[in-house]
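Colleague: Right, I'll just put the structure down here and ask away after.
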Number of protein chains: 2
Amino acid sequence: MSDICVLVLDDDPPPDLDRLRGRAQVISTGEEELAELLPSADVVLVWDFTSPAVRRAWPGPGPRPGWVHTPSAGVDHVLSPEFAASDTVLTNARGVFDRPIAEYVAGLVLAMAKDLPGTWERQRQRRWQHRETLRLAGTRAVVVGAGPIGRAIAETLGCLDVRTELVGRTAREGVRGQAELPALLVEADWVVCAAPLTEETRGMFGSDAFAAMPDRARFINVGRGPLVDTTALVAALEQQEIAAAALDVFENEPLAPEDPLWQVPGLFVSPHMSGDIVGWRGALSDQFLELFDLWEAGRPLFNVVDKQLGYVR
Amino acid sequence: MSDICVLVLDDDPPPDLDRLRGRAQVISTGEEELAELLPSADVVLVWDFTSPAVRRAWPGPGPRPGWVHTPSAGVDHVLSPEFAASDTVLTNARGVFDRPIAEYVAGLVLAMAKDLPGTWERQRQRRWQHRETLRLAGTRAVVVGAGPIGRAIAETLGCLDVRTELVGRTAREGVRGQAELPALLVEADWVVCAAPLTEETRGMFGSDAFAAMPDRARFINVGRGPLVDTTALVAALEQQEIAAAALDVFENEPLAPEDPLWQVPGLFVSPHMSGDIVGWRGALSDQFLELFDLWEAGRPLFNVVDKQLGYVR
């Protein structure tokens, strides 16, 4: 029996982990026992990546896991200041969600440009009402978040001839720095948020940002809920400071049935599914197993998160 | 006063025609007086391009207009056998609708791939239900109709990494011939009809075509209603021979409120608007005025329809 202890945070771990048999001891756990098991684990797979349990249960001084993997693009739910200060390596699922999320965003953009929701609403009413819709080519988009997801979104919108600016924390080749964002918002037809959630980005889309956008602007969030000040967004929609919005992520997920966000006019609500294509769980466990091979061989891992920045550099 | 008599079929002609003042006598007419006025007109602008009045009122032997322009891509509503046999030049709006229709089709394809209608339905019910959706990249599309609209659709889907085959009447560079269609349908995830309506294409999507498609296939018609045998399409949807369909065009438009098509499960109905972006009427009258300049100068027109084929060659 191998000495590597792999702790899987989920009562129902992926069947593909059978491939570790003879190479590691795999223990699946719920949130309750996590704090107790964490210090003795070598590797932690946060398979239930909606859970903040690792962040909460992160051990104090003493033994800690050598490597934590979260099969998600964002790491905010895992990374406590103590974890960030530790030697533990953190990896994420960079690469798996890029294209699916870019397709999802392009779908939302085109659906809004062509008013497909308005057409389906009229179909329900058996009402034939011709309208003129927006030509997408030549419109302007600002994509905030210059990681692989943001870049894939910018590429996909670019191929639809949307004039797209990519905004990251710092300016570099093909990327505008965050300081330029207010000026870019003024001209935007589409504003897409695909930024990581860090202390710097929390609430970055608030009343100032929405006030800067033209009233024809449409806002899409596929990053993390707390990037957006939801109260300010709802006010901006109600006061027609912007034309429409689509949220795939929320401060509290799942959204409760009584949440008023379900019924804000001009707001589309989807259940955190933008990147989740058929087969995504298989792709995620394949990626973890690929990383495990490297870990076992003592070789450098890919997708290593810069824990100070909160994302893969 | 000029001797050129321009007859406009519409009680409400575009204001841009004021630019012809002093160059032509512009007479707008409804369907009733058309037969009487047609023989004395030099130019006919079929501004109400949903009207079959020109086809019906086409004069017998004797004087006829020299040029008829329809500001639509399809010419089936205008072209009678007698018109086709005459010397009258027929032009269409080739070029104006290509990109808008391609964007509309891409929007429908992405909305179906990502099940946006299902998400909006759940939003109405305040129901958070995560689902896995389709990765569009790598799927296969067959676009029937190799004119500028079909080509724009194929280009747009191609840039989204959909493996797209374009099918025309005859095989040529980049275009498969119609004889290959049945074999192509077998592998199609998406089948898009953007063909002109001719005696050859009428009803081309019937029970055989739907039976050939895999059950995951989704069918979109942005051509003309009679290209599709609607009874066969409804049966294919009901028997789940195909997964879904979207129709933007119908045998009888507008669709009556009592038409059963409004409520066929898996069928999206839109009111013939795929190409109609904000500003389209201006683009159409600009195009007519550009043609008029050539006509007045005795120079060759563009967008001349091959009246035997029923489209611009």
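The values are calculated or read from the model by the stated rules, or taken from the named source; none is laboratory data. Bear in mind the structure is a predicted one, so any value in this text is a computation, not a measurement. Every residue, glycine as well, gets a Cβ built from its backbone with ideal geometry; the counts of neighbours run over all protein chains shown.
Colleague: Conditions first: (1) under 24 Å from A:G225 (Cβ atoms); (2) buried (at least 17 other Cβ atoms within 10 Å of the Cβ); (3) of a type in the set (K, R). A:R56 passes all but one, so which condition is the exception?
Modeller: Evaluating A:R56 over (1) under 24 Å from A:G225 (Cβ atoms); (2) buried (at least 17 other Cβ atoms within 10 Å of the Cβ); (3) of a type in the set (K, R) leaves (2) as the failure.
Colleague: Taking the residues in the stretch A:67-82 that are more than 27 Å from A:E155 (Cβ to Cβ) and modelled with pLDDT under 95 as candidates, determine which candidate is nearest to the other protein chains (Cβ to nearest Cβ).
Modeller: The selected residue is A:H77.
Colleague: Here's a follow-up. Does B:V54 qualify as being modelled with pLDDT of 95 or more, in the same structural domain as B:E290 (by TED's automatic domain parsing) and at negative phi?
Modeller: No.
Colleague: Scan A:E155, A:E132, A:E180 and give me the residue that is in contact with a strand residue (DSSP E or B) (Cβ under 9 Å, 6 or more places away or on another chain) and under 21 Å from A:L227 (Cα atoms).
Modeller: Just a single option satisfies the conditions, and that option is A:E180.
Colleague: Additional query: Please determine whether any residue of the stretch B:265-273 is crowded, with 17+ Cβ neighbours inside 10 Å, at pLDDT 95 or above and aromatic (F, W, Y).
Modeller: Yes, the stretch B:265-273 contains at least one residue that is crowded, with 17+ Cβ neighbours inside 10 Å, at pLDDT 95 or above and aromatic (F, W, Y).
Colleague: Filter the stretch A:158-205 down to the residues that are over 26 Å from A:E251 (Cα atoms), in contact with a Pro (Cβ under 9 Å, 6 or more places away or on another chain) and β-branched (V, I, T) and list them by number.
Modeller: A:V186
Colleague: May I ask you to list pairs of residues, at least six apart or on different chains, whose Cβ atoms are under 7 Å apart, with the first in the stretch B:239-257 being facing chain A (nearest Cβ under 9 Å) and the second being assigned to a loop (DSSP other than H, G, I, E, B)?
Modeller: B:E253/B:T50; B:E253/B:H272; B:P254/A:W128; B:P254/B:P271; B:L255/A:W128; B:P257/A:R126
Colleague: Further question on the same structure: Can you confirm whether the stretch B:170-184 contains a residue that is assigned by TED's automatic domain parsing to the domain that holds B:M213, surrounded by 22 or more Cβ atoms within 10 Å (Cβ to Cβ) and part of a helix (DSSP H, G or I)?
Modeller: no
Colleague: Further, regarding this structure: Identify the single condition in (1) assigned to a loop (DSSP other than H, G, I, E, B); (2) surrounded by fewer than 20 Cβ atoms within 10 Å (Cβ to Cβ); (3) within 14 Å of chain B (Cβ to nearest Cβ) that A:W262 does not satisfy, given that it satisfies every other one.
Modeller: (1)
Colleague: Quick one: in the stretch B:105-149, of everything that is polar (S, T, N, Q) and either without any contact (Cβ under 8 Å) to a residue 40 or more places away in the chain or crowded, with 24+ Cβ neighbours inside 10 Å (or both), which residue is farthest from the other protein chains (Cβ to nearest Cβ)?
Modeller: Here the answer is B:Q125.
Colleague: Mind listing whichever residues of the stretch B:92-104 are on the phi > 0 side of the Ramachandran plot and either surrounded by 24 or more Cβ atoms within 10 Å (Cβ to Cβ) or within 9 Å of chain A (Cβ to nearest Cβ) (or both)?
Modeller: None - no residue of the stretch B:92-104 is on the phi > 0 side of the Ramachandran plot and either surrounded by 24 or more Cβ atoms within 10 Å (Cβ to Cβ) or within 9 Å of chain A (Cβ to nearest Cβ) (or both), so the list stays empty.
Colleague: Which numbered condition in (1) crowded, with 18+ Cβ neighbours inside 10 Å; (2) out of contact with any helix residue (DSSP H, G or I) (no Cβ under 8 Å at 6 or more places or on another chain); (3) part of a loop (DSSP other than H, G, I, E, B); (4) not acidic (D, E) is the only one that B:R216 fails?
Modeller: The one condition B:R216 does not meet is (1).
Colleague: Here's something else I'd like to know. Provide a single number: the residues in the stretch B:185-194 that are within 18 Å of B:V105 (Cβ to Cβ) and assigned to a loop (DSSP other than H, G, I, E, B).
Modeller: Result for the stretch B:185-194: 3.
Colleague: Would you point out the residue of the stretch B:275-285, among those that are facing chain A (nearest Cβ under 8 Å) and touching a residue at least 24 places away in the same chain (Cβ under 8 Å), that is surrounded by the most Cβ atoms within 10 Å (Cβ to Cβ)?
Modeller: Looking at residues that are facing chain A (nearest Cβ under 8 Å) and touching a residue at least 24 places away in the same chain (Cβ under 8 Å), I get B:I277.
Colleague: Restricting to the stretch B:153-169, name every residue that is closer than 29 Å to A:A154 by Cα, without any contact (Cβ under 8 Å) to a residue 40 or more places away in the chain, not in a loop (DSSP other than H, G, I, E, B) and not small (G, A, S).
Modeller: B:C159, B:R163, B:T164, B:E165, B:L166 - these are the residues of the stretch B:153-169 that are closer than 29 Å to A:A154 by Cα, without any contact (Cβ under 8 Å) to a residue 40 or more places away in the chain, not in a loop (DSSP other than H, G, I, E, B) and not small (G, A, S).
Colleague: How about the stretch A:1-32: which of its residues are loosely packed, with under 14 Cβ neighbours inside 10 Å, closer than 21 Å to A:V54 by Cβ and in contact with a strand residue (DSSP E or B) (Cβ under 9 Å, 6 or more places away or on another chain)?
Modeller: A:D11, A:D12, A:G30
Colleague: Let me ask something else about it. So, B:R281, is that one modelled with pLDDT under 95 and over 25 Å from B:G158 (Cβ atoms) or not?
Modeller: Considered against the rule, which asks whether it is modelled with pLDDT under 95 and over 25 Å from B:G158 (Cβ atoms), B:R281 comes out as yes.
Colleague: When A:V144 is evaluated against the numbered criteria (1) under 15 Å from the mean Cα position of the chain (by Cα); (2) within 22 Å of B:L134 (Cβ to Cβ); (3) of a type outside the set (G, A, S), which criterion, by number, is the only one it fails?
Modeller: Tallying (1) under 15 Å from the mean Cα position of the chain (by Cα); (2) within 22 Å of B:L134 (Cβ to Cβ); (3) of a type outside the set (G, A, S), A:V144 fails exactly one: (2).
Colleague: Scanning the stretch B:286-313 for residues that are touching a residue at least 40 places away in the same chain (Cβ under 8 Å) and in a loop (DSSP other than H, G, I, E, B), which turns out surrounded by the fewest Cβ atoms within 10 Å (Cβ to Cβ)?
Modeller: B:Q308
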